[in-house]
Every structure is written in structure tokens, then in C-alpha cells.
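I have placed the structure first, in the form of C-alpha cells, so that the comments after it can refer back to it.
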Amino acid sequence: MIPDLMLRTPRRAGGTPYPVHLVETARLRDGTPFSIRPISRCDLRLERAFVAALSAQTRYQRLLSGRKLQPAEIRRLTDIDYGHELALVAVATVDGREQILGEARYVRDDTQDAEGAEFAIVIGDDWQGHGLGEALLRRLMRAAADDGIAVLNGLTLSDNHRMIALGRKLGFRARRDAGYASVTELRRELRDPRDEALPAVGSFDDAWAWAAI
């Protein structure tokens, strides 16, 4: 039931370089500065700390189950093949230490649609309510469209009303899984990256949660 595309061994064909053009800076509503950038292998320590700090509820939203990620799975989340997938992280310095506040990612799903991808997003418990969910998802959608992805698909729990509301706000269609009523599929056609209907990066509201994995 749960897509595992994001935990599979990454493909290395092509050697796509780090997408430095996706690095940017912003501020939270309270003025806290942070950056959004593609994740890299160098972020393994930060990713471990981020995952370890997630509450049981947020982990459940992330995996659609109560299990914990194994060390090899966490390593996989930082070992990115940029030609096939992308993970954007929001990073800030808090109490003198750099930490991940939230992340959003997509992985191309070659088994179903050469132009489709699965997406996921999670925000750390201490940073929910700052609008990071929408900020990350908007940028992920834009990056996916620019990379030629035509459709984003994701799964979330049907009682995860905040994620479903965020998806609908950004143009996703929500449909309950025919075989699992407790799971809702979110689907968004991205079309041409110049399409004005594609959400622009700008102001954002409170929203969070994983849509897949």
C-alpha cells in the first residue's frame, strides 16, 4: 500500500550535478531567517537529528504506519540522484546549531508514468504553524515542472485534513483510495512550467504533513 520509491537505491546514470539554482533564503513569520536548498549526502547528520526529533504522530503521518525509519533508510533520504528525484530542505541555525526544519521531495515513478512522480512533505513538530509546508510544496511543484514532470501524486491519511486542505489549495485533486478508505490520493497536473495556474512562490499559510512514503 505504501510507495517505497523514496527508499530505493538511487540511480546514478548521468551524474546530474547539485542543483545550486534551487538554493534560496527566506524568513519565517517571526523574522527567523532560513534557507531552502536541495539535500545532499553531507546532510546525513542533520537528517538523522530531524527524523529522531519527530513525534510519534508526525512519524505516523510520514510513513502511514507507526514504524521507525532504519539507519539505511535515513541515509537513502540524503543520497539523492538529482536526475531522478529531488529533496528540498528548510534549514536554519537554532541556538547556534544548524538544523532541518522541514523537507519536501519527489521521486519519478517510472513504473507507472514516465512523466509522473510521487511526492512527500514533512515539517518538524517545533516548526509546524509557520507556513513551511506550503512554502516547500510550492517550490517543489515549481522545480518538478521545470524538470519536465507532468504529474505529482501522493498519499496521505484520509483524516489528515490539513494536508488535504493544503493540497486542494494548491490545485491537487483529492480522492480516497478504492482499496483503502483510510488513505487519500492527491494528484496535481503541472503542465507547462510557465502555466500561470502553477502556484507562484510567495506568501503562505499554515499547513504540514507527509503525502507519501
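The values are calculated or read from the model by the stated rules, or taken from the named source; none is laboratory data. What you see is a predicted model, and the numbers here were worked out from it, not measured in a lab. Every residue, glycine as well, gets a Cβ built from its backbone with ideal geometry; the counts of neighbours run over all protein chains shown.
Within the range 47-71, how many residues are surrounded by fewer than 18 Cβ atoms within 10 Å (Cβ to Cβ) and within 12 Å of VAL91 (Cβ to Cβ)?
1
Answer with yes or no whether GLU98 is under 26 Å from ASP30 (Cβ atoms), in a strand (DSSP E or B) and in contact (Cβ under 8 Å) with a residue 12 or more places away in the chain.
Yes.
Hey, could you check the range 19-28 for residues that are assigned to a loop (DSSP other than H, G, I, E, B) and surrounded by 13 or more Cβ atoms within 10 Å (Cβ to Cβ) and say which is modelled with the highest pLDDT? It would help to see each step written out before you state the result.
Let us first name the residues in the range 19-28 that are assigned to a loop (DSSP other than H, G, I, E, B), namely 19, 23, 28.
Add one more test, that the residue is surrounded by 13 or more Cβ atoms within 10 Å (Cβ to Cβ), and what stays is 19, 28.
Values: PRO19: 95, LEU28: 82.
For the range 19-28, the residue satisfying everything is PRO19.
Which condition number does ASP43 fail, the rest of (1) of a type in the set (Asp, Glu); (2) at pLDDT below 95; (3) touching a strand residue (DSSP E or B) at 6+ places or on another chain (Cβ under 9 Å) being met?
(2)
Which one of the conditions (1) over 17 Å from the mean Cα position of the chain (by Cα); (2) crowded, with 19+ Cβ neighbours inside 10 Å does ARG97 fail to meet, given that it meets all the rest?
(2)
Given the conditions (1) in contact with a Pro (Cβ under 7 Å, 6 or more places away or on another chain); (2) more than 30 Å from GLY148 (Cβ to Cβ), report the number of the one that ALA87 does not fulfil.
(2)
If I go through the range 38-68 residue by residue, how many of them are closer than 27 Å to SER182 by Cβ and touching a helix residue (DSSP H, G or I) at 6+ places or on another chain (Cβ under 6 Å)?
To start, the set of residues in the range 38-68 that are closer than 27 Å to SER182 by Cβ comprises 50-68.
Still in the running and touching a helix residue (DSSP H, G or I) at 6+ places or on another chain (Cβ under 6 Å): 51, 55, 58, 66.
Adding up the residues that qualify gives 4.
Only one of these is at pLDDT 85 or above and within 12 Å of the chain's Cα centre (by Cα): ARG162, ARG176, ARG139, ARG188. Name it. Even if it seems obvious, please write down each step before you answer.
Values: ARG162 fails: within 12 Å of the chain's Cα centre (by Cα); ARG176 fails: within 12 Å of the chain's Cα centre (by Cα); ARG188 fails: within 12 Å of the chain's Cα centre (by Cα).
The unique qualifying residue is ARG139.
Return a yes/no flag: does the range 101-108 have any residue that is acidic (Asp, Glu), surrounded by 13 or more Cβ atoms within 10 Å (Cβ to Cβ), under 24 Å from GLN128 (Cα atoms) and under 15 Å from the mean Cα position of the chain (by Cα).
Within the range 101-108, the first condition is being acidic (Asp, Glu), and the residues that meet it are 103.
With surrounded by 13 or more Cβ atoms within 10 Å (Cβ to Cβ) added as a condition, the list becomes 103.
Pick out the ones that are also under 24 Å from GLN128 (Cα atoms) and you get 103.
With the extra rule that they be under 15 Å from the mean Cα position of the chain (by Cα), the set shrinks to 103.
Yes: the range 101-108 contains one or more residues that are acidic (Asp, Glu), surrounded by 13 or more Cβ atoms within 10 Å (Cβ to Cβ), under 24 Å from GLN128 (Cα atoms) and under 15 Å from the mean Cα position of the chain (by Cα).
Report, ordered by the first and then the second residue, all pairs with beta carbons closer than 9 Å, sequence separation of six or more or different chains, a first member in the range 43-72 that is among the acidic types (Asp, Glu), and a second member that is in a loop (DSSP other than H, G, I, E, B) and surrounded by 13 or more Cβ atoms within 10 Å (Cβ to Cβ).
Pairs that qualify, where the first residue is among the acidic types (Asp, Glu) and the partner is in a loop (DSSP other than H, G, I, E, B) and surrounded by 13 or more Cβ atoms within 10 Å (Cβ to Cβ), are GLU47/ILE39.
Going through ALA53, ALA87, ALA92 one at a time, which residue ends up being at pLDDT 90 or above, over 15 Å from the mean Cα position of the chain (by Cα) and under 19 Å from ALA135 (Cα atoms)? Can you show your working first?
Working: ALA53 fails: under 19 Å from ALA135 (Cα atoms); ALA87 fails: over 15 Å from the mean Cα position of the chain (by Cα).
Going through ALA53, ALA87, ALA92 in turn, just one is at pLDDT 90 or above, over 15 Å from the mean Cα position of the chain (by Cα) and under 19 Å from ALA135 (Cα atoms): ALA92.
Is it the case that the range 63-73 has a residue that's under 30 Å from ASP146 (Cα atoms) and touching a Pro at 6+ places or on another chain (Cβ under 8 Å)?
Looking for residues that are under 30 Å from ASP146 (Cα atoms) and touching a Pro at 6+ places or on another chain (Cβ under 8 Å), one finds none in the range 63-73, hence no.
Looking only at the range 19-42, count every residue that is more than 22 Å from GLU134 (Cβ to Cβ) and touching a residue at least 40 places away in the same chain (Cβ under 8 Å) and tell me the total.
Within the range 19-42, the subset more than 22 Å from GLU134 (Cβ to Cβ) is 20, 40-42.
Restricting the remaining residues to those that are touching a residue at least 40 places away in the same chain (Cβ under 8 Å) gives 40.
Final tally of qualifying residues: 1.
Of everything in the range 31-86, what is within 29 Å of SER158 (Cβ to Cβ), in a loop (DSSP other than H, G, I, E, B) and polar (S, T, N, Q)? Give them in sequence order.
Those that are within 29 Å of SER158 (Cβ to Cβ), in a loop (DSSP other than H, G, I, E, B) and polar (S, T, N, Q): SER55, SER65, GLN70.
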